[in-house]
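See structure below.
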Amino acid sequence: MNAEWLRETADGDVVLSLHVQPGAKKTEFVGAHGDAMKLRLAAPPVDGKANAALVVFLAGFCNVGRAAVTLVSGETSRAKRVRIDGIGAAARERLRQLG
């Protein structure tokens, strides 16, 4: 994986560097934002709703269970690092094609 925002761990999981914009019209990947991937979230940044929506969106996008998606850092920040465990080859390719 050559994208700066998309890193593979030694055990085959991936860690994403994201720039999250909560309160958007719809949830979608937008494109590169420095060394991160910008992601718009429809959820508001209130009471952890945006982080919960982020986990649900990434789990669906990567075809894994919600428990496989972990917020590593950035709980109260727009700059977030997210780990996804047990990601398949097809989902890995979908992520690569974003960047």
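The values are calculated or read from the model by the stated rules, or taken from the named source; none is laboratory data. Just so it is clear, the structure is predicted and the values come from calculations on it, not from any experiment. Using ideal geometry, Cβ is built from the backbone for each residue, glycine included, and neighbour counts are taken over all protein chains shown.
Just wondering, is there one or more residues in the stretch 46-53 that are surrounded by 14 or more Cβ atoms within 10 Å (Cβ to Cβ), free of Cβ contacts under 8 Å to residues at least 40 places away in the same chain, within 17 Å of Leu6 (Cα to Cα) and not aliphatic (A, V, I, L, M)? Scanning the stretch 46-53, I find no residue that is surrounded by 14 or more Cβ atoms within 10 Å (Cβ to Cβ), free of Cβ contacts under 8 Å to residues at least 40 places away in the same chain, within 17 Å of Leu6 (Cα to Cα) and not aliphatic (A, V, I, L, M), so the answer is no. Being of a type in the set (A, V, I, L, M, F, W, C) and closer than 17 Å to Ala36 by Cβ is not true of Val56. Which of the residues belonging to the stretch 47-99 are of a type in the set (S, T, N, Q), in contact with a strand residue (DSSP E or B) (Cβ under 8 Å, 6 or more places away or on another chain) and assigned to a helix (DSSP H, G or I)? Of everything in the stretch 47-99, just one residue is of a type in the set (S, T, N, Q), in contact with a strand residue (DSSP E or B) (Cβ under 8 Å, 6 or more places away or on another chain) and assigned to a helix (DSSP H, G or I), namely Asn51. Within the bounds of the stretch 27-40, is there any residue that is surrounded by fewer than 16 Cβ atoms within 10 Å (Cβ to Cβ), part of a loop (DSSP other than H, G, I, E, B) and at pLDDT below 95? Within the stretch 27-40, one or more residues are surrounded by fewer than 16 Cβ atoms within 10 Å (Cβ to Cβ), part of a loop (DSSP other than H, G, I, E, B) and at pLDDT below 95. Arg94: within 19 Å of Gly34 (Cα to Cα) and either touching a residue at least 40 places away in the same chain (Cβ under 8 Å) or not small (Gly, Ala, Ser) (or both), yes or no? When the stated conditions are applied, Arg94 does not pass them.
Regarding the stretch 39-59, can at least one residue be identified that is of a type in the set (Gly, Ala, Ser) and in contact with a helix residue (DSSP H, G or I) (Cβ under 6 Å, 6 or more places away or on another chain)?
Yes, some residue in the stretch 39-59 is of a type in the set (Gly, Ala, Ser) and in contact with a helix residue (DSSP H, G or I) (Cβ under 6 Å, 6 or more places away or on another chain).
Selection of the stretch 1-20 for residues being part of a strand (DSSP E or B) and surrounded by fewer than 16 Cβ atoms within 10 Å (Cβ to Cβ) yields Arg7, Glu8.
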